[in-house]
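J.: Next up is a structure, given as structure tokens.
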Amino acid sequence: MTDIALIDRRSFLGAVGGLTLAIALPFGRDARAASTASVNSWLTIGSDDSISLTIGSSDMGQGSFFGLAQILCEDLMVDPGRVQLVQGGPTLASPAPIGTAINTVGSGVTRNNFWKLRDAGAIAREMLVSAAMLSVGDTNRANYSVSNGVILHVPSGAKRTYGQVASAAAGLTPPTSAALVPDAQLACIGKTFARPDIPFKVDGSAIYGLDVRVPGMLYAVIRHCPSFGGVLAATPAKPPGAIAVVPTQVFTGTGRGAEAVGNVNAVAVVAGNTWDAWKAAKSLAPKWTLRADSANLNSAQFLADAQALMANPTPYVPGAANGPGTLYTVERSTGDANAAIDASAKVVDATYTLPYVAHACMEVLNCTVDYVAGTKCEVWAPTQSAKNVLSMLVSLTGLGEDKITVHTTFLGGGLGRKAEVDFISQAVQVAMALGKPVKLMWPREEDFTHDQYRPMALVRARAGMDANGAIAGWTYRNVSPSILSQRGSVLGATGDSQGYEASQALPYNFGARLTEYVTHPSPVPVGFWRSVGASINTFAVESMIDEMALAVGQDPYEFRRARLTNPRWLAVLDAAANGAGWNSKPPRGAARGIAIGAAFNTIVAQAVEVSGSARKWRMTRSCVAIDSYITVNPGQVEAQIVGGVVHGLNAALYGRQTFSNGAAQVKNFNKSRMIRIGEMPTVKVLIMPSPAVMDRTASIGGVGELGVPTLAPALANAVARLTGIRTRTLPFFPNATMIEG
């Protein structure tokens, strides 16, 4: 297979004498809301029977790029191994054609495109079969079969390859629909295929953003104001070894929290090579004007503000401004939850605290730009949101869409951070100022200290139980900064869905319930982090469930079983518990913990085992059960869950960012420890079977983020059973460094 790292759609079509079929079909059912619109699917078949599929998702290691091809190949009836994948570029056309760049966020690439791609593959297949029927002279469709791109006329034995009939097929009118491969005959979906990108990543030929080189390119390294909201007082003198110092401002659409649009909050130091730019940037001593309230932008104040709002928020008023500090009611039963709790035989009341957490992608933010005034702007970037990049470039440069090209490279990790376009706007500003191609890079210290972090949160849960352990009442209040508000959204009556995600509609028999969300006023930029609100709320909810089980003297697994009302949740919980050997006695000096939750239409349960003592312990095993309704590539699902466990474990043990005078204090991995390879637990992944017959109206689940949310509560529950010490504040080891064991 050709190196997909080096091919985009434009260059591919210029190099291959293939024919392109444009196939119109309605949008499939969206996982969140049903809607219909016209889209196109792009399939190129060469006269040599080569097949290319243009895929619009970004590759940040999650495998959805090939997963989409695997789905389309099912009903196209070709082996995915013979298909060349072409990276789709963005367009501002609405609706956007299939194959053009799509936002790779929210574990949504596969679940939101599954039925669209199946329809596209089936329609393309039937166009090719129709062309073969005309060639053979028999128009009875029942007389034809298809296998791996070869159309067989059964009565005569005549064969036509896709390549032989592609030209004729391109002139046909696509049908409005076509029959899909029956569920019992699926050959691609549900099977593990090797991903074509892995060899490139192993042998070093994969092109990440940092690998891009353009003739005549200069190199720029960014320096931000250390304190959020600060602005440049004066452009500093050019340091030795530098070619230029270019101030950059917060561009429209990239302002977050304290970073107001128009503020000149950074400078780019430009040189002829990376090392000179790096050294010059480090030697630079720019002067900044800080916010008047910068002294109040510190971690202690953020916690104090959260505690005050927990006790006394401002109620939501329909139609009012409802600024920070507003209390939103997410869900409320007809019964009074607080009254039910107060009248209960036993009350459990617990408060959980979670910090800001950085994304810490292995590849730092970077972007390469070739800009010629009035003529073109060509961008190479590791982005999750190429369409947003295109929209920003049109606005920033004033060029038409036809003069802008966006190349999506491999991403050395994304985790939500590379869905933002702030670093790309900076690179374009530098290229426009210099009139030369430039690659802009963020040093690791800038990456850590100017992230758009997972929000901090303070959560209080209360529950009342009767003498038999039945839950009479449940209240839950989350105080955290609003991701959506920082992006200009006006919150409705229930608040920010990213904030209360995974705390509402829980299938526990809670009796009366009340779930609330309060917006925290902190101006620290926050963003989408792997599993976002689910990583916060699942920790609090499932830690609280364990504390309730302890309060009534019941096994935490059996306590959950007795109170869950959803059979799918029960099946997933049982699978994780049985896979971990829950009912067997753990080894001496070991204990187990369990947790369950859901996000992005997927249910996940995780049972972990820890061993050691109160002074020193480690996680040794994990068993994760997952139900996403449909599994496209089981091997890739397993890989994503294992990766999520590692990500969640690092965050739970060590992940946090703190602030003083508006400046982030953790600046590199030396103060943000990660587990070592010898500390990696054994991870078993159990995938619940897909249904024998797929229901097109059922919600398909995402996978990429689902290894994270249940890790922290399962770990906290296990540690509490091992040591007798309940951890309600993450991370477990906030001051650990990389030099510590």
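J.: Determine which residues of region 169-186 fall in the zone a paramagnetic label at N143 would reach in this model, i.e. backbone nitrogen under 20 Å from the point 7 Å along Cα→Cβ.
T.: Hits in region 169-186 for N143 at 20 Å: 169.
J.: Sort the following peptides by mean Cβ neighbour count (other Cβ atoms within 10 Å, averaged over residues), highest first: 645-653, 590-598, 563-571, 505-513.
T.: Put in order of decreasing packing, that is 590-598, 645-653, 505-513, 563-571.
J.: Only helices at least 15 Å long along their axis, Cα-based, and averaging -0.5 or more on Kyte-Doolittle count here, so list those DSSP H runs from the chain.
T.: Length and hydropathy pass: 64-76, 109-136, 299-311, 386-397, 422-434, 532-551, 567-579, 634-654, 711-723.
J.: Sticking with this one: Label point 7 Å out from A692 along Cα-to-Cβ: which residues of region 546-580 have amide N under 16 Å?
T.: none
J.: Then there is this: Along the charge dipole of the chain, pointing to its positive end and built from +1/-1 on Cβ of Lys, Arg, Asp and Glu, which listed residue (A268, A431, Q249) has its Cα farthest out?
T.: A268
J.: Once you charge only the Cβ atoms, +1 for Lys and Arg and -1 for Asp and Glu, what is the size of the charge dipole of the chain about its Cα centre, to the nearest 20 debye?
T.: Value, rounded to 20: 1220 debye.
J.: Can you give me the distance in nm between label points at V261 and M362, each placed 7 Å from the Cα along the Cα-to-Cβ direction?
T.: Those two pseudo-labels are separated by 3.7 nm.
J.: Once you order the gyration tensor axes a ≥ b ≥ c over the Cα atoms, which shape class does region 248-315 get: rounded for a/c under 1.5, otherwise prolate or oblate by comparing a/b with b/c?
T.: prolate
J.: Students often check this: by mean Cβ neighbours within 10 Å, which of 576-583, 517-524, 57-64 ranks highest, and how do the rest follow?
T.: 57-64, 517-524, 576-583
J.: Could you give the dipole magnitude of region 335-475 about its Cα centre, charging the beta-carbon of Lys and Arg +1 and that of Asp and Glu -1, in debye to the nearest 20?
T.: 200 debye
J.: Suppose all protein chains stay in the model; what accessible area per residue would a 1.4 Å probe give for region 206-339, in Å²?
T.: For region 206-339, the solvent-accessible area averages 48 Å² per residue.
J.: Using a/c under 1.5 as the rounded threshold, could you call the chain rounded, prolate or oblate? The axes a ≥ b ≥ c are square roots of the C-alpha gyration tensor eigenvalues, and prolate needs a/b larger than b/c, oblate otherwise.
T.: In terms of gyration-tensor shape, oblate.
J.: Give me the compactness ratio for region 329-473, meaning the Cα radius of gyration over 2.2 N^0.38 Å.
T.: Dividing the Cα radius of gyration by 2.2 N^0.38 Å gives 1.69.
J.: With +1 on each Lys and Arg Cβ and -1 on each Asp and Glu Cβ, and nothing else charged, work out how big the dipole of region 288-351 is about its Cα centre, in Debye to the nearest 20.
T.: 120 debye
J.: Quick one: if you stick a label point 7 Å off each Cα along the C-beta vector at A292 and R444, how many nm between them?
T.: Label at A292, label at R444, 4.0 nm between them.
J.: Taking the alpha carbon gyration tensor of region 470-516, what are the square roots of 5 times its eigenvalues, largest first, to the nearest whole Å?
T.: The equivalent ellipsoid of region 470-516 has semi-axes of 26, 9, 8 Å.
J.: Okay, moving on. Would you mind checking the pairs K238/K376; K201/K667; K387/K418 and listing those with alpha carbons more than 20 angstrom apart?
T.: Beyond 20 Å: K238/K376; K201/K667.
J.: For the charge dipole of region 438-502, defined by +1 on Lys and Arg C-beta atoms and -1 on Asp and Glu C-beta atoms about the Cα centroid, which residue among V490, P443, N468 has the Cα displaced farthest towards the positive pole?
T.: N468
J.: Something else now. For T252 and V490, what does the FRET efficiency come to when R0 = 25 Å and r is the distance between their Cβ atoms, rounded to the nearest 0.05?
T.: The calculated FRET efficiency here is 0.90.
J.: In nm, give the distance between the simple-model label positions of A321 and S205, each being 7 Å from the Cα along the Cα-to-Cβ direction.
T.: About 5.9 nm separates the two model spin labels.
J.: A follow-up question, please. So how far, in whole Å, is the C-alpha centre of region 540-596 from the one of region 284-319?
T.: 38 Å
J.: Take the alpha carbon gyration tensor of region 287-351, find the square roots of its eigenvalues, order them as a ≥ b ≥ c, and report rounded if a/c is under 1.5; if not, report prolate when a/b exceeds b/c, else oblate.
T.: Note, shape of region 287-351 comes out oblate.
J.: Cα to Cα, under 18 Å, and not fewer than 8 places away if on the same chain: which aspartates and glutamates meet these conditions relative to K191?
T.: Correct list for K191: E74, D75, D79, D183, D627, E638.
J.: Give me the number: length gained by fully extending R561 to A194, i.e. 0.36 nm times residue separation minus the C-alpha to C-alpha distance, one decimal in nm.
T.: 128.4 nm
J.: Hey, another quick one. Whole angstrom only: what separates the Cα centroid of region 702-741 from the Cα centroid of region 59-133?
T.: Using only Cα atoms, the two centres lie 38 Å from each other.
J.: Same structure again: Determine how large the accessible area of S283 is when every protein chain is in place; take a 1.4 Å probe and give Å² rounded to the nearest 10.
T.: 70 Å²
J.: May I pose another question? Summarise the accessible area of region 304-403 (1.4 Å probe, protein heavy atoms) by the percent that is carbon and sulfur.
T.: 52 percent
J.: If you don't mind, there's one more thing I want to ask. Would you work out which of T723, N601, P634 lies farthest towards the positive end of the dipole of region 588-741, given +1 charges on the beta-carbon of Lys and Arg and -1 on that of Asp and Glu, about the Cα centre?
T.: T723
J.: Please give the net charge around N148, taking every other residue with its beta carbon less than 9 angstrom from that of N148, where Lys and Arg add +1 and Asp and Glu add -1.
T.: 0
J.: While we're here: Hey, what number do you get for the chain at 222 nm if only DSSP H runs of n ≥ 4 count, each worth -39500 (n - 2.57), divided across all residues, to the nearest 500?
T.: Calculated from helices alone, the mean residue ellipticity at 222 nm is -8500 deg cm²/dmol.
J.: Show R673, R213, R462 ordered by accessible area, largest first, where the area counts protein heavy atoms only and the probe is 1.4 Å.
T.: Listed by decreasing accessible area, they come as R213, R462, R673.
J.: Which net charge results when you count Lys and Arg as +1 and Asp and Glu as -1 among the other residues whose beta-carbon is under 14 Å from that of N338?
T.: Residues close to N338 contribute a combined charge of +1.
J.: Ranked from highest to lowest mean number of other Cβ atoms within 10 Å per residue, what is the order of the peptides 470-478, 534-542?
T.: Top of the packing list down: 534-542, 470-478.
J.: Output ³J(HN,Hα) for region 470-475: one whole-Hz value per residue in order, computed from phi by the Karplus curve 6.51 cos²θ - 1.76 cosθ + 1.60 with θ = phi - 60°, and x for Gly and Pro.
T.: 6, 8, 8, x, 9, 10
J.: Rounded to the nearest 0.05, what FRET efficiency is calculated for A571 and A170 with R0 set to 35 Å and r the Cβ-Cβ distance?
T.: For R0 = 35 Å, the calculated efficiency reads 0.15.
The values are calculated or read from the model by the stated rules, or taken from the named source; none is laboratory data. In this text, all values refer to a predicted model and were calculated from it rather than measured experimentally. In this analysis, Cβ positions are derived from the backbone assuming ideal geometry, glycine residues included, and neighbour counts consider all displayed protein chains. Just the protein is used for accessible areas: all its heavy atoms, side chains included, with ligands, DNA and RNA removed. Shrake-Rupley method; radii C 1.70, N 1.55, O 1.52, S 1.80 Å.
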